[in-house]
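All of the numbers you see were taken from the coordinates with simple rules; none came from a lab. Bear in mind that the values here come from a model prediction, so they are computed numbers and not experimental data. Note: ideal-geometry Cβ built from the backbone for every residue, glycine included; neighbour counts use all protein chains shown.
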Amino acid sequence: MFEKGKLSGKTTWLSPSNIALIKYWGKKDLQLPVNPSLSFTLKKCYTQTSVSYKPSTSGFKYEFYFEDKLKPEFKKKLDLFFKRTIEHLPYLNQLSIKINSKNTFPHSSGIASSASAFSALSLCLTDIEKSIIDSEDFYNKSSFVSRLGSGSACRSIFGPASLWGSSSLVENSNDNYAIPFDLPEFFKNYHDTILIVDEKSKSVSSSVGHDLVKNHQFKESRIKQANKNLENLIISIKNEDINEFIRIVENEALTLHAMMMTSNPSFILMKPNTVNIINKIWSFRNEKNTSLSFTLDAGANIHLLYHQDDFKTVQDFIKSQLLIYCSNGKYIDDKVGKGPIKK
Ligand code: PMV
């Protein structure tokens, strides 16, 4: 617990991962997106981070532990994060902090942990600020700070869905931080089963991918398309138009990978089994009336999105037809969640 004004204490936050339906791909200036993105916030894949702090007489100091072990390999990323954020969290100059983090999802599952990790850490840092000095806009500031760690992390601050990036369609939307996006009950009951096609970390990082958008031959048309897809997706969500929702979500996933394949130099993050699974999903949908669609992150794994009512049918389909394409038969069942929780 905090004592107002006191420079020592501890805070713990649980913050989930998120899956983008409209993809953020390409940035400008300091982690600002070239187009708006919209994501479902997840529930079970989250990071739990505790930050304990005490006064420091020699400026800001931090130590980072993952699952109670000192992890110097994260130093480079964290140094950059603190370099970018310290001017927004000046109280840190008086503190020495110890960060301890753990994830609910396996480390080597190919699941990007940067969204949950940076959002959990940012919530802790903003929370400490709130305990020392009165500050307003707690969640907006947490989202702003998260963005400086990893762009997509700023969306994890809000559930059940979140929008980041300025759009004339959504009031208060802006590039600096994400805002909550409410969903009709129907979409709050969506599942996301993540099929682990490849457990290795990806061959090309997201930062390199974002950079390649700067001189991409399709940059301007991609920005137009993302805005149009966002408009149509919002309408499909409002009208609970599942067919249109599926069309846009899959178009976004495949465009993301098409952008990678047509950048200079080009790269491919899908694996043969990613494509095998997509073909199976399309055949399944031709045979069955189902809400099942897929989306992809910047990697080979596939996110299956579907409504609760289809849970049994989709789970049977996964077990009978898709697990053979997963690495060691691995998958993670998640669903749409409500956002971070303070412990
Ligand atoms: O937040 P970053 O820099 O790891 O970029 C993530 C980009 C995608 O996951 C591919 C899309 C998105 O909007 O989350």
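Which ones in the range 155-173 are farther than 26 Å from residue 43 by Cβ and out of contact with any helix residue (DSSP H, G or I) (no Cβ under 9 Å at 6 or more places or on another chain)?
Residues satisfying the conditions are 166, 171.
Are there any pairs with C-beta distances below 9 angstrom linking a residue in the range 157-176 that is without any contact (Cβ under 8 Å) to a residue 40 or more places away in the chain to a residue that is in a loop (DSSP other than H, G, I, E, B), with the two at least 6 apart or on different chains, and if so which?
Filtered contacts from the range 157-176: 174/165; 174/166.
Which pairs turn up if I take residues in the range 26-38 that are over 13 Å from residue 152 (Cβ atoms) and look for partners that are part of a strand (DSSP E or B) and more than 9 Å from the ligand (Cβ to nearest atom) with beta carbon separation below 7 Å, at least 6 apart in sequence or on another chain?
Qualifying pairs under 7 Å: 34/28.
Is it true that residue 131 is over 29 Å from residue 304 (Cβ atoms) and more than 16 Å from the ligand (Cβ to nearest atom)?
Judged against the criteria, residue 131 is a match.
Can you tell me which residue within the range 17-30, out of those that are near the ligand (Cβ under 8 Å from one of its atoms) and under 26 Å from residue 338 (Cβ atoms), is surrounded by the most Cβ atoms within 10 Å (Cβ to Cβ)?
Applying the filter and picking the extreme gives 18.
Looking at (1) within 13 Å of the ligand (Cβ to nearest atom); (2) under 22 Å from residue 107 (Cα atoms), which is the only condition residue 14 fails?
Unmet for residue 14, out of (1) within 13 Å of the ligand (Cβ to nearest atom); (2) under 22 Å from residue 107 (Cα atoms): (1).
Could you tell me which of the residues 78, 70 is over 27 Å from residue 231 (Cβ atoms), within 16 Å of the ligand (Cβ to nearest atom) and without any contact (Cβ under 8 Å) to a residue 24 or more places away in the chain?
After applying the criteria, what remains is 78.
I want to confirm something. Restricting to the range 305-324 and keeping residues that are in contact with a strand residue (DSSP E or B) (Cβ under 7 Å, 6 or more places away or on another chain) and more than 20 Å from residue 200 (Cα to Cα), which single residue is nearest to the ligand (Cβ to nearest atom)?
Step by step, filter the range 305-324, then rank; the result is 305.
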